[in-house]
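Only the coordinates and a few stated rules stand behind these numbers; no lab work does. The shown structure was predicted, so the numbers you read here are calculated from the model rather than taken from an experiment. Heads up, the Cβs are rebuilt from the backbone with ideal geometry, glycines too, and the neighbour counts pull from every protein chain shown.
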Amino acid sequence: MAIEGKLAAVICIEDPLREEAPQIIKNLKAAGISKVVMMTGDSDRTAKAIAKRVGVDVYYSEVLPEDKANFVEQEKAAGRKVIMIGDGINDSPALSAADIGIAISDGAEIAREIADVTMSGDDLSEIVTLKLISNKLMKRIHKNYRNIVGFNTALIILGVTGILQPTVSALLHNTSTLYISLKSMENLLEEENEVEE
């Protein structure tokens, strides 16, 4: 601000870095995220300082909303799965383009509407928990698939060869289905596997 051509005041606006952000980035990498990218409309000087403190792999500064969406499309075209996390109106095109768009609950309404997942609360560690749940769920699905196919194949072979009667085979099939269903309801995140904040 100037009064009669002389500097009277300087107004500085700071968006402080969350204290937990560097640890969250480390935990995401430990959970299997191979590349963490920060894209911001801020100046290069600000973006560089934040990127260094938080530990991202790559950062892009002074980007427009369409630049974010184009970057997401390029990464997808290169064969990568893209998770976009954002909270603003300018993040909406990229949230829509990503394989998974995650919005922060206190962000812009349009970002929450477009995103696939909206995180409740203000705790960034939920992103890590979400990734761990996803990893465990996929392991469980593949394990269940192998168990079901293997067991049912054995039942068919035993039934065709006459070793098992059809009623026994049906009983074993239904029992195995019930057992696998009940096992699938167990908690995905055991206490010892949770990532500490």
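Points to keep in mind about this one:
- Here each label is just a point 7 Å from Cα along the line to Cβ, and for Ser120 and Asp57 those points are 3.2 nm apart.
- Cβ charges +1 (Lys, Arg) and -1 (Asp, Glu), total dipole of the chain, debye: 1200
- Cα pair distances of region 104-167 binned at 10 Å [whole percent]: 18, 25, 18, 15, 13, 11, 1
- Relative contact order %, the chain, counting alpha carbon pairs below 8 Å whose residues are six or more apart: 14
- From phi via Karplus (6.51, -1.76, 1.60), per-residue ³J(HN,Hα) for region 37-43 in Hz, x at Gly/Pro: 10, 10, 10, 9, x, 5, 5
- Within the chain, longest stretch free of exposed trypsin sites (Lys or Arg not before Pro) [DSSP loop, at most 15 other beta carbons within 10 Å]: 82-197
- Backbone geometry of region 48-64 corresponds, through the Karplus equation with coefficients 6.51, -1.76 and 1.60 at θ = phi - 60°, to 3J(HN,Hα) couplings of 5, 5, 5, 4, 5, 5, 8, x, 6, 6, 9, 9, 10, 10, 6, 8, 9 Hz, x marking Gly and Pro.
- Simple Cβ-charge dipole of region 111-179, Lys/Arg +1 and Asp/Glu -1, about Cα centre, in debye nearest 20: 420
- Computed label-point distance, nm, for sites Ile89 and Ile141 using a 7 Å Cα→Cβ extension: 3.6
- Legend: calculated FRET efficiency, Glu19 to Arg45, from the Cβ-Cβ distance at R0 = 22 Å, rounded to 0.05, equals 0.50.
- Amide H contacts under 5 Å for Met39, placed H, 5+ residues apart: Tyr60
- Share of pairwise Cα-Cα distances greater than 21 Å in the chain is 66 percent (whole percent).
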